[in-house]
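Written out below as structure tokens is the structure these notes cover.
The values are calculated or read from the model by the stated rules, or taken from the named source; none is laboratory data. Note that the structure is a prediction, hence the values are computed from the model and not measured. All Cβ positions, glycine included, derive from the backbone under ideal geometry; neighbour counts span all protein chains shown.
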Amino acid sequence: MSTELIEEGRRQITICNACRYCEGYCSVFPAMFRERTFADGTITQLANLCHNCRGCYYACQYTEPHEFALNLPKILAEVRQDGWQSNTVPGALAKAFHRSGVAIALAVVVGFALLIWAIKTLGAASGEGFYAVLSHNAMVAIFTPAFILPLILIAISLRRYWRSVGGGGVGLRDIVSAFSLAAQMRNLAGGHGDGCNFEDTDRFTHVRRWHHQAVMYGFLLCFAATSVATLMHYVFDLPAPYGPFSLPKLLGVSGGVLLSLGTLGMAVLKVKGEKHLADARVWGGEMAFVLLLCFVSTTGLALYGFGDSVWLTELLAIHLGAVLAFFVLMPFSKMVHGFYRLAALTKEARDLSA
């Protein structure tokens, strides 16, 4: 990790620890105030507890033009991003994505879409619905490694993070607490539950929290739809296609709608938010991730609505290309922040119960 970023983070956190004006704010501050000195791993852990709601910045009396020039949301965002890239395998791909995310995502989507279109063109598939374009076995052969291998890379990076912050054994209660905080996104509710002022200095709102929840629950519903369809196919011998009121369709459509609305809302907030309170170096890569996730859900809904049209092959190729791009780029995009924040919340729960 960058020594300069860690040292600047240590300087600002030490001043915050002496002031303690923000004691009632998010999980960062109780964790900070338990310490007297700050090791590199502690600063990394605090950075991953931060959700960049920015309330502390607007409340701080030591921001510029004060000589202390505190900007805690920005330095924690930079430390957090640097930590993700340092732990990622290989780290060069993460840096490349956050530097040129839109171009890389577009190239990968188009490349995979053309590959799927070529498979259909060069070889006939037997089956109904989507399987008339790409057989079930072909989908399994393509998507299984594309899903599992990125998860392995993420697991390796999380293991590195866990070691760097001094993580150890955790109990079931710690894990349940972390998942509960993540599900509620309590740290996006602001220090007093009024919401955060991500959009405006004086306006507190829960809009950012709602958009994040829409993305998270939409993604989980889509994953549940795929899981249910897998069980129906292999356990109950009920292969696709499924009717409009089947469980996979109901879960998938509702998840797709939430995911599309949530990602669009997050993109708008990201444009409106003040860039100097985040890591401006990776703004493009973060926006690319949000737009890619939006494209995955929107093309999925389009495929549902126009799956019986003459455009089935093209729509399926574009959608599956987007899904493949999302999976393959997962370890190098901001998707990893969910895993890291969950790990940070788990360690915080363990430290509180110790």
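Could you list, in sequence order, the residues of the range 26-51 that are touching a helix residue (DSSP H, G or I) at 6+ places or on another chain (Cβ under 7 Å), in a loop (DSSP other than H, G, I, E, B) and either surrounded by fewer than 18 Cβ atoms within 10 Å (Cβ to Cβ) or at pLDDT 95 or above (or both)? Spell out the reasoning first.
The initial filter retains those residues of the range 26-51 that are touching a helix residue (DSSP H, G or I) at 6+ places or on another chain (Cβ under 7 Å), namely 26-28, 31-33, 35, 38, 40-41, 43-51.
If we keep only those that are in a loop (DSSP other than H, G, I, E, B) as well, we get 26-27, 35, 38, 50-51.
35, the sole residue that qualifies.
Hey, any hits in the range 104-113 for a residue that's more than 16 Å from the chain's Cα centre (by Cα) and of a type in the set (Phe, Trp, Tyr)? Yes; the residues of the range 104-113 include at least one that is more than 16 Å from the chain's Cα centre (by Cα) and of a type in the set (Phe, Trp, Tyr).
For the range 265-284, the tally of residues that are among the β-branched types (Val, Ile, Thr) and touching a residue at least 40 places away in the same chain (Cβ under 8 Å) stands at 1.
Mind listing whichever residues of the range 119-145 are closer than 21 Å to residue 303 by Cα and modelled with pLDDT of 75 or more? Give the steps one after another, and end with the answer.
Narrowing the range 119-145 to residues closer than 21 Å to residue 303 by Cα: 119-121, 124-140, 142-143.
Residues satisfying the conditions are 137, 138, 139, 140, 142, 143.
Here is a yes/no grid of residues against (1) touching a Pro at 6+ places or on another chain (Cβ under 9 Å); (2) free of Cβ contacts under 8 Å to residues at least 60 places away in the same chain:
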{"position": "41", "(1), (2)": "no, no"}
{"position": "45", "(1), (2)": "no, no"}
{"position": "49", "(1), (2)": "no, no"}
{"position": "53", "(1), (2)": "yes, no"}
{"position": "58", "(1), (2)": "no, no"}
{"position": "64", "(1), (2)": "no, yes"}
{"position": "69", "(1), (2)": "no, yes"}
{"position": "80", "(1), (2)": "no, no"}
{"position": "91", "(1), (2)": "no, yes"}
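Inspect all residues belonging to the range 5-23 and state whether any of them is in a helix (DSSP H, G or I), assigned by TED's automatic domain parsing to the domain that holds residue 76 and within 15 Å of residue 187 (Cα to Cα). So far as the range 5-23 goes, no, none of its residues is in a helix (DSSP H, G or I), assigned by TED's automatic domain parsing to the domain that holds residue 76 and within 15 Å of residue 187 (Cα to Cα).
Check the range 210-218 and report whether any residue there is assigned to a helix (DSSP H, G or I), surrounded by 15 or more Cβ atoms within 10 Å (Cβ to Cβ), in contact with a Lys or Arg (Cβ under 9 Å, 6 or more places away or on another chain) and not assigned by TED's automatic domain parsing to the domain that holds residue 42. The answer is no, given that none of the residues of the range 210-218 is assigned to a helix (DSSP H, G or I), surrounded by 15 or more Cβ atoms within 10 Å (Cβ to Cβ), in contact with a Lys or Arg (Cβ under 9 Å, 6 or more places away or on another chain) and not assigned by TED's automatic domain parsing to the domain that holds residue 42.
I'd like the residue in the range 52-75 that is closer than 19 Å to residue 338 by Cα and in a loop (DSSP other than H, G, I, E, B) and, out of all such residues, is farthest from the chain's Cα centre (by Cα). For the range 52-75, the residue satisfying everything is 54.
Of all positions in the range 180-191, none carries a residue that is assigned to a helix (DSSP H, G or I), buried (at least 19 other Cβ atoms within 10 Å of the Cβ) and free of Cβ contacts under 8 Å to residues at least 60 places away in the same chain.
If you go through the range 335-352 and keep only what is crowded, with 21+ Cβ neighbours inside 10 Å, more than 20 Å from residue 85 (Cβ to Cβ) and either outside the structural domain of residue 169 (by TED's automatic domain parsing) or of a type in the set (A, V, I, L, M) (or both), you end up with 345, 349. Exactly one residue among 251, 258, 238 is more than 25 Å from residue 104 (Cβ to Cβ), not basic (Lys, Arg) and not in a helix (DSSP H, G or I), and that residue is 238.
When you scan the range 60-67, do you find a residue that is touching a Lys or Arg at 6+ places or on another chain (Cβ under 9 Å), within 17 Å of residue 8 (Cβ to Cβ) and either outside the structural domain of residue 339 (by TED's automatic domain parsing) or surrounded by 16 or more Cβ atoms within 10 Å (Cβ to Cβ) (or both), even just one? No.
Annotation: of all residues in the range 292-322 being at pLDDT 90 or above and surrounded by fewer than 20 Cβ atoms within 10 Å (Cβ to Cβ), the one that is nearest to the chain's Cα centre (by Cα) is 298. Residues that are surrounded by fewer than 17 Cβ atoms within 10 Å (Cβ to Cβ) and charged (D, E, K, R) within the range 86-121 comprise just one, 99.
To keep it simple, each residue is scored yes or no on (1) among the aliphatic types (A, V, I, L, M); (2) touching a Ser or Thr at 6+ places or on another chain (Cβ under 7 Å).
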position	(1), (2)
249	no, no
281	no, no
292	yes, no
298	no, yes
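Here residue 78 meets each of (1) of a type in the set (D, E, K, R); (2) touching a helix residue (DSSP H, G or I) at 6+ places or on another chain (Cβ under 6 Å); (3) part of a loop (DSSP other than H, G, I, E, B) with one exception, condition (3).
Filter the range 152-179 down to the residues that are hydrophobic (A, V, I, L, M, F, W, C) and either touching a residue at least 60 places away in the same chain (Cβ under 8 Å) or outside any helix (DSSP H, G or I) (or both) and list them by number.
Taking the range 152-179 as the starting set, the residues that turn out to be hydrophobic (A, V, I, L, M, F, W, C) are 152-156, 158, 162, 165, 170, 172, 175-176, 178-179.
Scanning the range 152-179 gives 153, 154, 156, 158, 162, 165, 170, 175, 178, 179.
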